[in-house]
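The values are calculated or read from the model by the stated rules, or taken from the named source; none is laboratory data. If you're wondering where the values come from, they're calculated on a predicted model, not measured in any experiment. Cβ: placed from backbone, ideal geometry, glycine included. Neighbour counts: every protein chain shown. SASA here: full protein model, heavy atoms, side chains in, ligands and nucleic acids out. Shrake-Rupley method; radii C 1.70, N 1.55, O 1.52, S 1.80 Å.
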Amino acid sequence: VAVAAEAMDNELFRERIKGWGRERGKLIAALQAAQETHGYLPRAAMEAIAAEFRVGLARVYGVATFYAQFRLEPQGDTTVRVCLGTACHVRGGEKLLENLEERLGIREGGTTSDRRYSLERVACLGCCGLAPVVVVGEETYGRVRAAEVTKLLG
C-alpha cells in the first residue's frame, strides 16, 4: 500500500513540475517541491527531476546533497535539534548531542528505526541567552543539562 501511495505521489509530483525544465534555474525549486510532496527526496523523484531538466541524475544528487535543507531519507515524526553555536557549545551542547545520540540509538543526522525521531545539529538557534538549547518538534528548551535530555523526549 505504501509503495502504491508513493507511486501516486510521484505521479502528482511529475505533473507539478511539468514544463519546469525549460527554466534551469528552477532545479532547486523542483527539489523543494519533491521534498514537500514526499517529506524527503526519494530516488524516483530525483530521477523525474533529472528527466524533466534533461540533466544527469548525478547533477540532481549533487545539488540535493550540497544544500542542508534537503533530506535523502524519510524524517522522523519529531525532529530534535541541538544548538552548537558558540554559546551553546561553551555551555555543553556537544555533551547534549552525545547524550541524545546514546538515548535515541542514532548518530546526528539520523532517524530512529521506528521513524519516531530524527536528530540534527544546528549552528545557531538564536537563543544564546538560554544556552544550551534543544528544540524538540516545535518546543524550545533552554539551559538544558545533559542529565535532563531523556525528559525532553517524553
Expected output is a single nm value to one decimal: the length gained when fully extending between Glu15 and Arg145, i.e. 0.36 nm times separation in residues minus the C-alpha distance. What is it?
42.0 nm
Unpaired by the 4.7 Å Cβ criterion, cysteines found in the chain
Cys124, Cys127, Cys128
Protein accessible area in the chain, 1.4 Å probe - carbon and sulfur %:
50 percent
On the Cα set of segment 1-121, report Rg and Dmax in Å, please.
17.1, 50
Using Cα-Cα distances under 8 Å and only pairs 6 or more residues apart, what relative contact order does segment 33-154 have, in percent?
24 percent
Counting each pair of different Cα atoms once, what's the Kirkwood radius of segment 66-154 in Å, rounded to one decimal?
12.9 Å
Segment 85-154, relative contact order in percent, only Cα pairs under 8 angstrom and at least six apart counted:
33 percent
Using a cut-off of 18 Å between alpha-carbon atoms, which lysines can reach Lys18, once sequence neighbours fewer than 8 places away in the same chain are excluded?
Lys26
Report the FRET efficiency, 1/(1 + (r/R0)^6), for Ala123 and Thr65, where r is their Cβ-Cβ distance and R0 is 25 Å, rounded to 0.05.
0.90
Straight-line reach check, Lys151, cutoff 22 Å on alpha carbons, 8 or more apart in-chain or any other chain, hits among lysines -> Lys95
For the chain, what is the accessible area per residue in Å², given a 1.4 Å probe and the full set of protein chains?
59 Å²
What's the extension gain from Ala29 to Leu72 if we count 0.36 nm per residue and subtract their Cα-Cα distance?
13.9 nm
